[in-house]
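Each value in this text was obtained by applying a stated rule to the coordinates, not by laboratory testing. On a predicted model such as this, the values are computed, not experimentally measured, just so you know. When we count neighbours, we look across all protein chains shown, and the Cβ atoms used for this are built from the backbone with ideal geometry, even at glycine.
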Amino acid sequence: MTKGTEAGIPKKAVGWAASDTSGVYAPFHFTRRANGEKDVTIKILFCGICHSDLHTAKNDWGFTTYPVVTGHEIVGEVTEVGGKVGKFAVGDKVGVGCLVGSCRSCESCKVDAENYCPKPIFTYNSPDVDGTRTQGGYSDIVVVDEHFVVRIPQGLPLDAAAPLLCAGITVYSPLKYFGLAEPGLHVGVVGLGGLGHVAVKFAKAFGAKVTVISTSPAKKQEAVDRLGADSFLVSRDPEQLKEATGSMDGIIDTVSAEHPLLPLLGLLKSHGKIIMVGAPEKPLQLPVFPLLAGRKTVAGSCIGGMKETQEMLDFAAKHGIKADIEVIPIDYVNTAMERLAKADVRYRFVIDIANTLKA
Ligand SMILES: [Zn+2]
Ligand SMILES: [Zn+2]
């Protein structure tokens, strides 16, 4: 055991875990590894509820090991640092997203893209370095290697910053990587949920003209008035689609339900790109003729590396970007999951861990 030897014994922790495919959460006592020399221990203050938490709790993807404490949008305060920790001190406000480990030596890790490492350690439901399983942020404390911890910049509210650690970086990274973070571009955002609403905010802050594309006309006012989108397109309205043909430089597609790509391809200019960040369970149909005709790209993207996650938070603080949240107590989590399944939240639940999770 290389970790956990410095301070000795594992740490007692309490959280809320799902124990079977019902996905129902209940209080759960477990241990965290002892704080190793490169580790920080974090007292968790807030944790966002991501759609992945729901899928994992119900074993929708088939690889859940129970009991599982989900939650990978963690904000908290450092309470202990190992002897070789350089970045953080006790009292710092910090965040942990989807990743708590990677190999640190592969091609992806070497270029700060730990999120594409073939040996990632996810924040929950993953084998950890000490042979135990990782457990997420619906809990009182977490012990994490400092490399996978980011600083919450001054000025970002701690509760509304939490969803940026998964939803925020998931949309920020592709906007940057695919060249859509330049002023004056026209960016489409498909779907107005946890991911989509922050995609609108980041794209606007980069200086884009932003069009929200949704199946639901009722979301127009919300998209334009509250989130600051420039225009709104009902994806089932052929007239509106026709009018917007060939007008967009790129589209961030956040929808994880089955949906047709053909209308979206039609919205792109030549050389335009659709970047998928939602994860539909079944394969989508890819019409190839429209791809060829405009040399268009359909791509995917998954969270971001640690350096870029810090950059995203700093950018969010500078531009006043935060998630729109509903703060809830931990004992509301099962109701929150039912509401999340019906998309009945604007736009992210965040659990007030520090004030409502009791040992
Ligand atoms: Zn997530
Ligand atoms: Zn690696």
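Testing the spin-label approximation: label points 7 Å from Cα along Cα→Cβ at V224 and E338. State their distance in nm.
For the pair V224/E338, the computed spacing is 3.6 nm.
With 17 Å as the cut-off, how large is the P(r) tail for region 152-212, expressed as percent of Cα-Cα pairs? Mind showing how you got there, number by number?
Values: 688 of 1830 pairs.
When all Cα pairs of region 152-212 are counted, 38 percent exceed 17 Å.
Taking a ≥ b ≥ c as the square roots of the Cα gyration tensor eigenvalues, with a/c under 1.5 meaning rounded and otherwise prolate when a/b beats b/c, else oblate, which class fits region 257-348?
Values: a/c = 2.77, a/b = 1.52, b/c = 1.82.
In terms of gyration-tensor shape, oblate.
Classify region 44-184: rounded, prolate or oblate, from the alpha-carbon gyration tensor (a ≥ b ≥ c, eigenvalue square roots; a/c under 1.5 rounded; otherwise prolate if a/b is larger than b/c)? Present the calculation step by step, with values, prior to reporting the outcome.
On the way: a/c = 1.22, a/b = 1.08, b/c = 1.13.
Because its axes are fairly even, with a/c under 1.5, region 44-184 counts as rounded.
Specify the residue with the greatest mean-square fluctuation among C106, C166, C302, computed from a Gaussian network of the chain linking alpha-carbon atoms under 10 Å apart.
C106
Would any residue of region 118-136 have its amide N under 19 Å from a label point 7 Å out along Cα→Cβ of C302? List them or say none.
118-129, 134-136
Over the chain, one equal point on each Cα, no solvent: what is log10 I(q)/I(0) by the Debye formula at q = 0.07, 0.13 Å⁻¹?
Debye output, listed in q order: -0.30, -1.00.
Nearest-5 percent of antiparallel DSSP beta bridges in the chain?
Numbers: 34 of 60 bridges.
Given both bridge residues lie in the chain, the antiparallel proportion sits at roughly 55 percent.
Quick check: the angle from helix 306-319's long axis to the longest principal axis of the chain, C-alpha only, nearest 10 degrees?
Orientation of helix 306-319: about 70 degrees from the principal axis.
So what is the relative contact order of region 109-261, in percent, for Cα pairs below 8 Å that sit 6 or more residues apart? Could the numbers behind the result be given before it?
Numbers: 179 pairs, mean separation 27.1, N = 153.
Averaging sequence separation for qualifying contacts and normalising by length gives 18 percent for region 109-261.
First check a/c for region 46-91, with a ≥ b ≥ c the square roots of the eigenvalues of its C-alpha gyration tensor; if it is under 1.5, answer rounded, and if not, answer prolate when a/b is larger than b/c or oblate otherwise. Working shown, then result.
Values: a/c = 3.81, a/b = 2.44, b/c = 1.57.
Prolate, because a/c is 1.5 or more and a/b exceeds b/c.
How many Å³ per residue does the convex hull of the Cα positions in region 29-69 occupy? Write out the running numbers ahead of the final one.
Details: hull volume 4.9 nm³, N = 41.
Cα-based convex hull of region 29-69, divided per residue, equals 119 Å³.
Could you order the peptides 182-189, 80-87 from most to least packed, using the average number of other C-beta atoms within 10 Å per residue? Could you put the intermediate results ahead of the total?
Working: 182-189: 19.6, 80-87: 15.2.
Order by mean packing, descending: 182-189, 80-87.
With no solvent and one point per C-alpha, what does the Debye sum give as log10 I(q)/I(0) for region 106-233 at q = 0.22 Å⁻¹?
-1.28
Can you tell me the 0 to 90 degree angle between the C-alpha axis of helix 194-205 and the longest principal axis of the chain, rounded to 10?
70 degrees
Relative to the compact globular guide of 2.2 N^0.38 Å, what is the alpha carbon radius of gyration of region 180-250, as a ratio? Show your work: numbers first, answer last.
Numbers: Rg = 11.2 Å, N = 71, 2.2 N^0.38 = 11.1 Å.
Expressed relative to 2.2 N^0.38 Å, the Cα Rg reads 1.00.
With just the Cα atoms defining each centre, how far is region 125-152 from region 314-342? Give it in Å.
Between the Cα centre of region 125-152 and that of region 314-342, the gap is 20 Å.
Write down the radius of gyration of region 267-318 and its Dmax, each obtained from C-alpha positions, in Å.
That works out to 15.3, 42 Å for Rg and Dmax.
At a Förster distance of 45 Å, what's the computed FRET efficiency of L292 paired with Y66, Cβ-Cβ distance as r, to 0.05?
My answer for the efficiency is 0.45.
Please check: in the Gaussian network model of the chain (C-alpha springs, under 10 Å), which one of S216, S126, S247 has the largest mean-square fluctuation.
S216
Using 20 Å as the cut-off for backbone N distance, which residues of region 342-359 belong to the label zone defined by a point 7 Å from the Cα of V327 along Cα→Cβ?
345-359
If I take R0 = 30 Å and measure r between the Cβ atoms of V24 and A354 in this structure, what FRET efficiency does the formula 1/(1 + (r/R0)^6) give, to the nearest 0.05?
Numbers: r = 23 Å, r/R0 = 0.78.
So, using R0 = 30 Å, E works out to roughly 0.80.
For region 215-284, count all C-alpha to C-alpha pairs, find those more than 15 Å apart, and express that count as a whole percent of the total. Intermediate values should be presented prior to the final figure.
Details: 1447 of 2415 pairs.
More than 15 Å apart: 60 percent of the Cα pairs in region 215-284.
For region 1-125, count the residues as N, evaluate 2.2 N^0.38 Å, and divide the Cα radius of gyration by that value, please.
Numbers: Rg = 15.5 Å, N = 125, 2.2 N^0.38 = 13.8 Å.
Here the Cα radius of gyration is 1.12 times the empirical estimate.
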